[in-house]
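The structure appears below as structure tokens.
Just so it is clear, none of the values below were taken in a lab; they were calculated from the coordinates. This one's a predicted model, so the numbers in the text were calculated from it and none came from an experiment. Cβ placement follows ideal geometry from the backbone for every residue including glycine, while neighbour counts extend to all protein chains displayed.
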Amino acid sequence: MLDPAYVQLRHLTTPVVAVTASAAGRGNGQIANSAQRASLVPSLPRLSLYISKTNFTHDLVYRSGVFGVHLLRTDQWELIWHLGLQSGRDLDKLASLDVRRGEIGCPMLVDCHTAYECRVVNAMDAGAATFFLGDIVSSVRGTGDAVMTSDFFRANISPERRAQYEGRLLEAQSYLEPLAGKVEPKVWPGAVVEP
């Protein structure tokens, strides 16, 4: 059973997005609902993003200093399952998707509502996750009108997928709970320069 406070925090959840990254010749993608606008100044567009430290994508973003955030359409359920219900440590999740190389080298999904390529300008330890602040380097408007929101996702997920999703969520929470209280104030060292 999910904690009641956690359930109520879902009212503050942002859209469901695909996050992509690559480092040292490996690429990956995952699903998140923690990306949001992070600038009050239109001439300096930024995104913020929390990524669980257990996700392979986290390691790639931390190492490379770049990430892609993709707003998804309400018809992109299969992409959500593909990127969200298997690990990039076990397979190359981007190999079967239409991906282009972004301006700063990030793998970017071609088929999405909108794609933002970002360069990390700061990172903050958040215990079980890292909070990345990124300057938007480029954005591309894809297709479709309706964005996959967290509310739409929860209202329209099939019972079978809901059970699978919630089971993985509970499993992840039990692993992440001990990490959540261990926030280490430190300065992000910056991207690792690949030889």
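Restricting to the stretch 164-195, name every residue that is without any contact (Cβ under 8 Å) to a residue 40 or more places away in the chain and of a type in the set (D, E, K, R).
Once the filter is applied, which keeps residues that are without any contact (Cβ under 8 Å) to a residue 40 or more places away in the chain and of a type in the set (D, E, K, R), the stretch 164-195 yields only Glu171.
Filter the stretch 16-33 for residues that are crowded, with 20+ Cβ neighbours inside 10 Å and either of a type in the set (Ser, Thr, Tyr) or farther than 11 Å from Gly105 by Cβ (or both) and give the result.
Passing the criteria: Val16, Val17, Ala18, Val19, Thr20, Ser22, Asn28, Gly29, Gln30, Ile31, Ala32.
So if I check each of Ala115, Ala95, which one is crowded, with 16+ Cβ neighbours inside 10 Å and either among the hydrophobic types (A, V, I, L, M, F, W, C) or outside any loop (DSSP other than H, G, I, E, B) (or both)?
None of the others qualify; the one that does is Ala115.
Got a sec? Which of Phe132, Phe67, Phe56 is under 19 Å from Asn28 (Cβ atoms), without any contact (Cβ under 8 Å) to a residue 60 or more places away in the chain and under 12 Å from the mean Cα position of the chain (by Cα)?
Phe56
Could you figure out which of (1) of a type in the set (Asp, Glu); (2) over 30 Å from Trp188 (Cα atoms); (3) surrounded by 17 or more Cβ atoms within 10 Å (Cβ to Cβ) isn't true of Asp151?
The one condition Asp151 does not meet is (3).
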